[in-house]
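The values are calculated or read from the model by the stated rules, or taken from the named source; none is laboratory data. Because the structure is a prediction, the values reported are computed rather than measured. Quick reminder, even Gly has a Cβ in these numbers, built from the backbone with ideal geometry, and neighbours come from all protein chains shown.
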Amino acid sequence: MTYDPRLAALLLRAEIDAFNTDYAEKLDRQDLLAWVESFAEDGFYVVISRENFERNQPVGLIYCEGRAMIADRAFALLKTAMFGPRYLRHMISNLSVAAQADGSVRARANFIVIEVLTDRPEPRVLQVGEYRDVFVRVDGALRLKERRCIYDNLLIPTALCIPV
Amino acid sequence: MDLPNDLPRRRVWPGEDFTRIPDWVYTDQWVYEREVERIFHGHTWNYVGLEAEIPDAGDFIRSNVGPTPVVVARAEDGDIAVFENRCTHRAAEFCRELTGNVKAFVCPYHQWTYDLRGNLQAVPFRRGVQGRGGMGADFKLSEHNPRQLAATTHRGVIFASYAHDMEPLADYLGPDILREFEATFDGRKLVILGHYRHSLPGNWKLYHENLKDPYHATLLHTFLVTFGLLVAGNKSLMLADPSGRHGVMCSAKSDASKIAAEDKAEMRAFKEGMRLADPRMMDFVPEFDSPWSVTMATIWPNLIVQREMNTLGIRQLIPTGPNEFIMKWTMFGFEGDTEEMTRHRLRQGNLMGPAGFLGLEDNEAIKFVQDGMLRVPGGEHLVKLDPGTPFGTSETLISESAIRAMYRHWREAMAL
């Protein structure tokens, strides 16, 4: 059987697509402890405005260096933070994937996060933007080494309580 | 001042007491419009930007004074000019980019052109075509400038005012507030680390009150309390200037293990034994000549200066109506910060902003307050804590004296 590189690319793309579906599902369930497991030990996670990203200014709404900080974010939101009840839907699409020579994978995808507050009639777009990702394999499974969530909606409505 | 047709809408403060604030202070359109006229467009210095955002001639940012869009630009001679972002021809908001560098501002609609100080320079076809049309012979460019505001800067922070007879900023702040301002803006050159912006479905004054209300900080912010950043027994000060309009909430970090047992019992937020997996976020690197590890300055009417240990930020308050406002945050560090120090500021930034461990709670609380007033209307707020200090500076956190002082000033400014 001849090796078709298109098949490997397709499998990798399917794998990352499944990863993102799973990632969105964890956040929609607000299962933040499970969400933490999406990241590699030295994983970097930032939610950054397009304004800052394009100007090379590093400030993020959420800025985590390493899975320990990501775990602290999850724990603090679950155990200490006060915010009103809400439901969220994370939609991820337009995935593109590029395998790197060092075995990592660069990917990008668009996202929309729709939020419903229990006391407001209309669902609203909480965030719209793109993921810029670097995946690595940890014990065979894909983990995020970097996820930059670059959002276009510069004006956040009230608060971003659940990660993107 | 008040036209007769204002009378039916005019509001009257209930009695001479300041321990009750009526809801209409926060929800009434007439009150809001009067605030824009008498406070934001009145005798106040309004924050509009940082010099580090417009270092070179031709640099500009869009900003606001109250709800009103303005352009803040650096002129050829290095002066800073602030003028309304509204073409004097057909009202178009002509400056559209958040920031940039230009030789002149050209309104895209009919290409009326303004220089970097906001002076109208050119009107296309002013003399018409072939002797027909155009402006009348009596038309003078200089009579058609957008409203130009007074501007001043201190330690790299830019303020503007519609009043052209403002006292110097140092006098406007007074010595106590100026000292805290200069503790944060200590003379090092600022480096902008980025912005965030959010809307909030509440009245703009609630944001001032939140930072003149040290009582809430010990109760709402579990995160802060748990790690000993601010607890009821901490060394702290709620400073108010003599006018009552400005304030600084100050506290010194302490060891959570040293909190008295009875204080812990009062603070439901206190959770024994809670530890961060990565405690670097809460490190405090001393860098300021100040006894306080945290100061939150509320500078009337639209500026908050945040010095939360090493995460530093400006919050500009932009009211958009009685029931909503926008906050624009500008986070900064200093020239000479190491890469590690910058990253420390960014990590600690997780405390603040619309996704911050503290910031998101304040935003939610303000929404809840406005919801309460809109859905059960016609009530009043109780601000009675610490009757021994009727107005002004308080050395206990369990006090609302700074809020009362602010309303004493507000009523004077509003003539209500």
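A few points about this structure:
- Residues of segment B:368-391 satisfying the condition of being in contact with an Asp or Glu (Cβ under 8 Å, 6 or more places away or on another chain), surrounded by 18 or more Cβ atoms within 10 Å (Cβ to Cβ) and not aliphatic (A, V, I, L, M): B:H381, B:D386
- Search result, residues across segment B:378-404 that are assigned to a helix (DSSP H, G or I) and in contact with a Ser or Thr (Cβ under 8 Å, 6 or more places away or on another chain): B:S401, B:A402, B:R404
- Of the residues in segment B:101-119, at least one is surrounded by fewer than 17 Cβ atoms within 10 Å (Cβ to Cβ) and within 30 Å of A:I48 (Cα to Cα).
- Screening A:R120, A:R86 for residues that are among the basic types (K, R) and within 26 Å of B:L276 (Cβ to Cβ) leaves exactly one candidate, A:R86.
- Strands (runs of 3 or more DSSP E) wholly inside segment B:24-123 that include at least 3 residues being within 15 Å of B:A150 (Cα to Cα): B:46-50, B:59-65, B:68-74, B:80-84
- Qualifying residue in segment A:20-28 (condition: free of Cβ contacts under 8 Å to residues at least 60 places away in the same chain and either within 14 Å of chain B (Cβ to nearest Cβ) or under 29 Å from B:V191 (Cβ atoms) (or both)): no
- Some residue of segment A:43-58 being in contact with a helix residue (DSSP H, G or I) (Cβ under 9 Å, 6 or more places away or on another chain), modelled with pLDDT of 95 or more, aromatic (F, W, Y) and over 30 Å from B:E53 (Cα atoms): no
- Every residue from segment A:77-112 that is within 11 Å of chain B (Cβ to nearest Cβ) and among the aliphatic types (A, V, I, L, M): A:L77, A:A81, A:M82
- The residue of segment B:352-377 that is farthest from A:L61 (Cα to Cα), among those that are facing chain A (nearest Cβ under 7 Å) and in a loop (DSSP other than H, G, I, E, B), is B:F357.
- Any hit, segment B:309-327, residues being buried (at least 22 other Cβ atoms within 10 Å of the Cβ), more than 24 Å from A:L154 (Cβ to Cβ), at pLDDT 95 or above and among the hydroxyl-bearing types (S, T, Y): no
- For segment A:66-76, residues that are within 17 Å of B:P354 (Cα to Cα) and within 8 Å of chain B (Cβ to nearest Cβ) total 2.
- Strands (runs of 3 or more DSSP E) wholly inside segment B:143-241 that include at least 3 residues being in contact with a Phe, Trp or Tyr (Cβ under 8 Å, 6 or more places away or on another chain) and within 14 Å of chain A (Cβ to nearest Cβ): B:190-200
- Of A:S38, A:S49, all but one fail to be in contact with a strand residue (DSSP E or B) (Cβ under 8 Å, 6 or more places away or on another chain), buried (at least 19 other Cβ atoms within 10 Å of the Cβ), within 14 Å of another protein chain (Cβ to nearest Cβ) and of a type in the set (G, A, S); the exception is A:S49.
- Selection of segment B:339-351 for residues being more than 7 Å from every other protein chain (Cβ to nearest Cβ) and aliphatic (A, V, I, L, M) yields B:M341, B:L351.
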